[in-house]
Structures are given as C-alpha cells and as structure tokens.
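Heads up, the thing below is written out as structure tokens.
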C-alpha cells in the first residue's frame, strides 16, 4: 500500500519547488530554442538544464534502488566506480597518448569494455556483500577508498584529453536533435528497467529477498545471487554514467569526477520514500527523487548560491523533507488534523 | 535465538574480545614487520608518537563513531563537524576577538548542537541515521564555507603557544647524528585523545549506561523488554558522538592551527574504517573503543609504511588502505562464520 503512496513525497517536493520558482521568477519555466556554439538548434532554459544534468543521478538511482532493496544497504563506491569506468574508457580511446583527436577505438568498444570493468567491480562488491556477509556500506567502503586511486593508476596518473567532436555528443547534443543526449540516455535506461520490471521476476525476487531473506530461501530463491545481480546492475548504470560524465568534458579528473554522487544517489532513493533498510521499493519514486535533488540544485544556483555553500541549503531542505515524511511525524499530523476537523464542524 | 537475551549478550561480548585480539595482534605484527624490513625509521619512538600527534583527532572521532555503531547507527557528519569547528574557532580567535576558553566552548557547543539535533531526529522521529547524518555532513561542509571561504593560518598568540606546546616523553628520545639528545614528544591533543579513549572504555565496560549501548545495538527488541529506554540510549549515543566530534575539531584545530573548508576531508570514512578494523560491527552490539584506537594506529602505520617504502605516488596509499580494510573484513567475516558454525 505504501508502495503506491510513496511517490507523492517526491512529487509534492517537486511541486513545492516549482511553485517557489514560479513566485520568485516565472522566467524559470521559459524554454527557448536557440543556436548553440556548434550552430545547431537546441532547447535551452533552466528546466532543460535540470533534465540534462539530472540524468546521471537518475540513472544511478535506478541501480541504487535495486541494491538498497535487495541488500538493505547502500553502495557508497559509485562515485569512485564512475572514475574507474571513465578512466578505462579514456585508456581505450586514447591509448597511451595524452591528447588525441582521432579516437583509437570506436566509442562503442570503449563503452562495452568500461561496462565489463564496472560490472566486475560491481560483482566484487556484490560478492563481499552476498557471500562474505559484510554490510554493504562497509564492503563498498573498500572500493570507495581505492577507486579513485585505481582510476589514476589505469591511466598512469595522466589526464588524457580528447578533441573529437563526435565524442561530445553523448554528454551534449546530437546534431539535429534539440534534446540533450544525457536525458535521452536516461529515458532509455528508464524504459529498459521498466520493461525488465514488467516482464521478469527481478523486481519481485529483489523485494522478497529484501523483506525476508530467510523465507525467500525457503521458497527456493537464492538470496546471494539476487544480491549479486543487483550490484552488477548498479555496475552497468555506473558505466553509462561514466560515458556521459567523460563525454561532457572530453577528459577526466580523477579526484573530481562524480564526486559525492553516491551521497546524492542514496538521497534520491530516500527522498523517493524507499526504506533504506531494504524490502519494498518504488523505482519511479527514486528517479523522481533524483530530479528533485537536481531541481533544488539548479534553483539554488539560480539564486546565486555559491557552489561550495550549496550543501548547507540542500541539507536544510532534505531534513525538512525527511522530517515531514517520517511515519511518526505523519501520524502526529494526521492525529492533529483529526482533532481540528470536529472542531471545525462545531463551528459550522 | 532472539529471546535468549542473556546468552546473546554474552556471545556478543566474546565476539568483541575476539575481534579486538585480532586487531591488536595484526597491529603489532605489522609494526614489528616494519621495524625489521624498513629499519631505523620505525625504531625511533618518535615515529610512533608522530602517528599519535597527527591522528589524535581521528582517535577521538573514531571513539564517538564506535559508540554510535555499537548502538546500531552511523554518523557520517563527523568530518564536516571537525572542519566547521576548526574554521569557526579560527575565525573566532582571529576576527572576533575570542580567547582560548571561548573557542573551546564554541567547539563543544557546535559538536553538542549537531549531536542533539541529529540524535533527536534519529532516536525520536525514527529517521534513518544515514540520511540524517548525511544532511548533517552537507550542512556542516556548507556552513564551513559560509563562515569563511578561504583557508588561513591563525595568528592568535595564545593559540600558537598552545599549538607548539610539546610534552616530552622521558627515556624515549634518541641521539641524532651530531650527537645531541633529541627528546621524544607528544602534543596536548594526544593527552586529550587518550583520556577520551580511557573514559569511553571504562564507561562502556563498567557502567549501566555503557551496557545499555551494547544491549540496544545487539537486540533492540529484547533491550526494550528488559526495560531499557532504547530511544534515550540512541539519543545519548548521538549526543556523545557529536560532542566528541566537537572535541576532535578543537584538537584538529590545535594540531594544524588553521581553518579551511577542505580540512578533515573524508575523516568520517577513516573513522568508520578504523572502527571496523578495531572490530566494531555496523550491525551493532559488537565493538570496543580500544579496538578503534588500534584501528586508527593500524590504518596510519600502513600509510606510513607505504610512503616510506618509496611508493610515494598518491594512489598507492588509497589502494593499500583499501586492501588492508578488505583483508580485515574478510578475516572478520570468516572468523565469525567459523565461530557460528562451531557453536551450532
């Protein structure tokens, strides 16, 4: 029951944010069609920015929701894993040269190799969690600590640079299409996961393992495999995010790329009203949660909040959201509402 | 198993000492190995004291972290709080004309405020500790840059004097190449850190409240049935953790003598890693602050070994730390699994 209801939390947050923007500055909702620096017709405006830069978070939220539901814990290594996947991609595309304009390999090959590597690292986390029974946050702390170092080591600490127009399409615009490519990729991911949820038993099995591991085992499921699969899927999401991230800047900075994105991804899952202790989940709510975070970030930037002071404001909004959606608070509020209602009737 | 509380409690206690023993043995093996293979540097007592001097703040933070982890929670705001405290103290001393005592009060106040708010949200509103303290971390990091944007060194005379105070350790010095005796020293922060470890250890082991922490973390339901106020215990653990973060913030500030938004970056993860190496489990009910103390030492000894082995490249530290963490986790998991099998 809560599963259907919980989408209202991020939805309400989104509406409040939208109203706030509408009152403060209606131009926030203006979408214009204009020429970008390469001379193509593209859409622009704050809303497009939100859809564009929220893509990475939305994609990660998909994987994070599954991991959270199956294992009852969170993967804090996704930022570091994005650095590794991005580094692998550049290693394949650039070989050992520092700066290339001709790619050494097709982008799809680099992407597939990065996928395999990211999924292997996902499997590493998954094995620690599923077979060694280490709590997910602690198990992924290993990769969190080592990830960015491994990423630097893959490229021998160089920061390769690609000056190839075609490579920027994945993080920018494809000529002739006015919608930002990251958003298209994110929508594609959402469709894929929706189809998987609809036509396979993955969602059901994940939830049952998360709700009661022991009884799922008695019912013939293998909880360890399900947990492992959820981590591997998150690895796949990580590779997709790495492609977008690297393509956006055509280069990589190991210590900055996807920094703190794991925290935002976990936040997206929580804002979606999903229990961080696992069990039932609502994928759409998580994705919506990701866009709420991006909406908030873009709004704050619009009001000229310095980027390093941004977290403080974000924290206040997050606390307000979670306090209002906490079951205890909601119960108290509904009791209060009940008390107020008869009072009103008496007046009437 | 859930209703056999006394047995459960007893089992967890022996788990605690088992994991603690592993940690201490590994630390000594590692240190002796370092002395054998890398020689003179590690023979000097000062090398060991330097680890203490550098990591005093981390030791205090790890104590608080262990407390929260024993009750089954987590606090990832501590690194941010340390940064906020050192920045606030720096600004207070240099621009607002505070004296040292006011700065100390400010540090404790900030820590306590974080502990109170986070503890209330976690214990009484039952919001997931990870999310609450994540927001706490965001808030602290953001506030640090709002208090002051740029890093700067503090010029306040009394602070500099306090910062440079060195407590000589008798008989531990060495004679240098010129033939002068160089005494070994520790900083004030180390004394504070050791005090915190000792007090927390005694409180956890021999006081009623201390035992409540283990009971609530081990099995909350049974703890409530025993008449323990679980909510208040969780609340208290967060308050103490926040307070320790405040103390650690001042100790950190005293060690570096500056304020910067990038101070104590990733300290929360180091603290969690130290606690785990020390045998504290995130599931709650198992852990020991002495273990966390040795966890901090182990973590930084390995870092020191790596850097003195000539693997100066920055990435080696990250990879070896992670490898060590991985080793500890797997050993812990295997040991616990074997123990469980043996008991059955």
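The values are calculated or read from the model by the stated rules, or taken from the named source; none is laboratory data. Since we're looking at a predicted model, the values are computed, not measured. Every residue, glycine as well, gets a Cβ built from its backbone with ideal geometry; the counts of neighbours run over all protein chains shown.
Values computed for the structure shown
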{"quantity": "Unique match (being closer than 16 Å to residue A:93 by Cβ, surrounded by fewer than 15 Cβ atoms within 10 Å (Cβ to Cβ) and more than 14 Å from chain B (Cβ to nearest Cβ)) among A:160, A:106", "calculated": "A:106"}
{"quantity": "Within region A:132-157, considering residues that are more than 8 Å from chain B (Cβ to nearest Cβ) and in a loop (DSSP other than H, G, I, E, B), the one surrounded by the most Cβ atoms within 10 Å (Cβ to Cβ)", "calculated": "A:155"}
{"quantity": "Residue that is farther than 30 Å from residue A:273 by Cα and within 20 Å of the chain's Cα centre (by Cα), where the choices are B:115, B:189", "calculated": "B:189"}
{"quantity": "Single residue of B:57, B:107, B:90, B:103 found to be more than 14 Å from chain A (Cβ to nearest Cβ) and under 30 Å from residue B:171 (Cβ atoms)", "calculated": "B:57"}
{"quantity": "Some residue of region A:299-311 being in contact (Cβ under 8 Å) with a residue 40 or more places away in the chain, in a helix (DSSP H, G or I) and either within 9 Å of chain B (Cβ to nearest Cβ) or surrounded by 15 or more Cβ atoms within 10 Å (Cβ to Cβ) (or both)", "calculated": "yes"}
{"quantity": "Evaluation of residue B:149 against (1) modelled with pLDDT of 90 or more; (2) within 29 Å of residue B:134 (Cα to Cα) (one fails), failing number", "calculated": "(1)"}
{"quantity": "Residue within region A:206-228 that is in contact (Cβ under 8 Å) with a residue 40 or more places away in the chain, within 17 Å of the chain's Cα centre (by Cα), away from chain B (no Cβ under 14 Å) and surrounded by 24 or more Cβ atoms within 10 Å (Cβ to Cβ) present", "calculated": "no"}
{"quantity": "Residue in region A:253-275 that is in contact (Cβ under 8 Å) with a residue 40 or more places away in the chain and more than 14 Å from every other protein chain (Cβ to nearest Cβ) present", "calculated": "yes"}
{"quantity": "Residue satisfying condition, being without any contact (Cβ under 8 Å) to a residue 40 or more places away in the chain and either within 14 Å of residue B:26 (Cβ to Cβ) or within 11 Å of chain A (Cβ to nearest Cβ) (or both), within set B:318, B:291, B:295, B:279", "calculated": "B:318"}
{"quantity": "Hits in region B:86-111 (condition: touching a helix residue (DSSP H, G or I) at 6+ places or on another chain (Cβ under 8 Å) and over 20 Å from residue B:58 (Cβ atoms))", "calculated": "B:91, B:92, B:93, B:98, B:99, B:100, B:102, B:103, B:106, B:109"}
{"quantity": "Residue under evaluation residue A:315, criteria (1) at the interface with chain B (Cβ under 10 Å from one of its Cβ atoms); (2) modelled with pLDDT under 85; (3) closer than 19 Å to residue B:138 by Cα, criterion not met", "calculated": "(2)"}
{"quantity": "Criterion: more than 14 Å from chain B (Cβ to nearest Cβ), farther than 25 Å from residue B:321 by Cα and out of contact with any helix residue (DSSP H, G or I) (no Cβ under 7 Å at 6 or more places or on another chain) - qualifying residue of A:95, A:63", "calculated": "A:95"}
{"quantity": "Residue check, residue A:85 under 29 Å from residue A:273 (Cβ atoms), at pLDDT 90 or above and part of a helix (DSSP H, G or I)", "calculated": "no"}
{"quantity": "Those residues of region B:53-71 which are in contact with a strand residue (DSSP E or B) (Cβ under 9 Å, 6 or more places away or on another chain) and buried (at least 24 other Cβ atoms within 10 Å of the Cβ), in sequence order", "calculated": "B:56"}
{"quantity": "Given (1) in a helix (DSSP H, G or I); (2) closer than 28 Å to residue A:209 by Cβ; (3) within 20 Å of the chain's Cα centre (by Cα); (4) within 14 Å of another protein chain (Cβ to nearest Cβ), number of the condition residue A:75 does not satisfy", "calculated": "(1)"}
{"quantity": "Flag if residue B:138 is within 18 Å of residue B:271 (Cα to Cα), out of contact with any strand residue (DSSP E or B) (no Cβ under 9 Å at 6 or more places or on another chain) and modelled with pLDDT under 95", "calculated": "yes"}
{"quantity": "Residue among A:209, A:116, A:187, A:196 that alone is modelled with pLDDT of 90 or more, out of contact with any helix residue (DSSP H, G or I) (no Cβ under 8 Å at 6 or more places or on another chain), in a helix (DSSP H, G or I) and under 22 Å from residue A:74 (Cα atoms)", "calculated": "A:116"}
{"quantity": "Residue in region A:11-20 that is assigned by TED's automatic domain parsing to the domain that holds residue A:263 and surrounded by 22 or more Cβ atoms within 10 Å (Cβ to Cβ) present", "calculated": "yes"}
{"quantity": "Residue within region A:28-38 that is assigned to a helix (DSSP H, G or I) and either modelled with pLDDT of 85 or more or more than 21 Å from residue A:318 (Cα to Cα) (or both) present", "calculated": "yes"}
{"quantity": "Residue in region A:330-340 that is at the interface with another protein chain (Cβ under 7 Å from one of its Cβ atoms) and either farther than 25 Å from residue B:122 by Cα or modelled with pLDDT of 80 or more (or both) present", "calculated": "no"}
{"quantity": "Single match in B:123, B:113, B:140, B:155 (criterion: within 14 Å of another protein chain (Cβ to nearest Cβ) and surrounded by fewer than 16 Cβ atoms within 10 Å (Cβ to Cβ))", "calculated": "B:113"}
{"quantity": "Test: residue in region B:252-266 that is within 15 Å of the chain's Cα centre (by Cα), within 14 Å of chain A (Cβ to nearest Cβ) and within 22 Å of residue B:142 (Cβ to Cβ)", "calculated": "yes"}
{"quantity": "Residue A:253, sole failed condition from (1) over 19 Å from the mean Cα position of the chain (by Cα); (2) assigned to a loop (DSSP other than H, G, I, E, B); (3) modelled with pLDDT under 85", "calculated": "(3)"}
{"quantity": "Filtered residues of region B:164-213 (kept if over 20 Å from residue B:247 (Cβ atoms), in contact (Cβ under 8 Å) with a residue 60 or more places away in the chain and touching a helix residue (DSSP H, G or I) at 6+ places or on another chain (Cβ under 6 Å))", "calculated": "B:172, B:184"}
{"quantity": "Test result for residue B:50, within 15 Å of residue B:267 (Cβ to Cβ) and surrounded by fewer than 24 Cβ atoms within 10 Å (Cβ to Cβ)", "calculated": "no"}
{"quantity": "Residue A:114 vs. criteria surrounded by 24 or more Cβ atoms within 10 Å (Cβ to Cβ), under 22 Å from residue A:185 (Cα atoms) and either more than 7 Å from chain B (Cβ to nearest Cβ) or without any contact (Cβ under 8 Å) to a residue 60 or more places away in the chain (or both)", "calculated": "yes"}
{"quantity": "Unmet criterion (only one of (1) within 26 Å of residue A:304 (Cβ to Cβ); (2) in contact (Cβ under 8 Å) with a residue 12 or more places away in the chain; (3) not in a helix (DSSP H, G or I)) for residue A:56", "calculated": "(3)"}
